Every structure is written in structure tokens, then in C-alpha cells.
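> The following block contains the structure, expressed as C-alpha cells.
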Amino acid sequence: MTYKQNGFSLFEVMVSLVLITIAALGLIKLQANLEQKATFTLQQIEAVHFAERQLELFRARANDTAGSTGLVAFSQLALPAYCGHGIDQLSGSIYSISCKVEDAGGILSGELKNVTVTVSWNKRVADYIELSPSHAVSLSTKLSKYSEFDM
């Protein structure tokens, strides 16, 4: 007696459903990781823009600021009032900015300053801000007392 089987057995259907479920869960996890990495990348890019903007504000300096607006005197670069000044998007955001201005020392003492701008923010997970660990972006440059725009 020959018995001809038509269709699939229950065991074969269950195994295929388990495999499809595992593959779907893997894709969901991949999507969640991609979204988290994209959010971090956007935050990092925005932090770099804030740091670059602060460095540009420091570069727009002059030895004599009489009669000028928006310029910082070279001797006053280290004042905390000029760190984050003029960057309106920082207020109320997740970012905080800190500036470190030091004299270069040596033969160029008083004529060259090392400037480091650090923008930090707290880690964000599912619309909740964790207090730690925080992320930071830091940019450094050297600024000379002598500007090409000074006469």
C-alpha cells in the first residue's frame, strides 16, 4: 500500500514559524540599534557645530575692541562670560559648553593662547536623559594676539 502525503506536517509548520519569528526579532533589534546610533550621531554633529561656533567667536577678536560689537579683546578671552556667549541654541538644550583658555608659555607667552572648547551632553535613551555616562566633544586651537584684521 502506497500512501501519498499532501501538504506539510504540523512539525514542519511549527519549525518554519519559529525561524520566521527569530528572524523578525533580529530585524527589530537591528532597527532599534540603528535608530540609537543615528540619534547619537546627530547629537555628536550638533555638539561639534556648537564647539566650532564658539571657536569662531574667539577667532573674531581684536586687540582693541573700542567701537566694535561682537568682538572679544585678546586679553579677555579667558573670561567665563565669553564662553557660550551669543549661542542662543545652547540655552534650554541638553548641551553644556566649557572653555579653557591658557597662555602658551615660553617665548610666545602673552602672544599665543591655547584654546580648548568642550561641549558635553548626557546620554539619551527612549526620551529619558540619563545622568551618566555623559558624552563630550572637544576641539582645540591656538590663537595669536596678532590678527590679520588688525591695523
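Read-outs: derived from the displayed coordinates by stated rules, not from any lab. What you are looking at is a predicted structure, and each value in this text was computed from that prediction instead of being measured. Positions of Cβ are backbone-derived with ideal geometry, glycine not excepted, and every protein chain shown enters the neighbour counts.
> Evaluate the distance, in nm, between pseudo-label points positioned 7 Å from the Cα of residue 91 and of residue 56 along their respective Cα→Cβ axes.
2.0
> Can you sort 111, 35 so the residue with the fewest Cβ neighbours within 10 Å comes first?
35, 111
> Moving on. At R0 = 41 Å, how high is the FRET efficiency between residue 34 and residue 14 if r is their beta carbon distance? Nearest 0.05 is fine.
0.85
> Excluding same-chain residues fewer than 8 positions from residue 29, which lysines have a Cα within less than 24 Å of its Cα?
Within the straight-line cut-off, residue 29 pairs with 37, 123.
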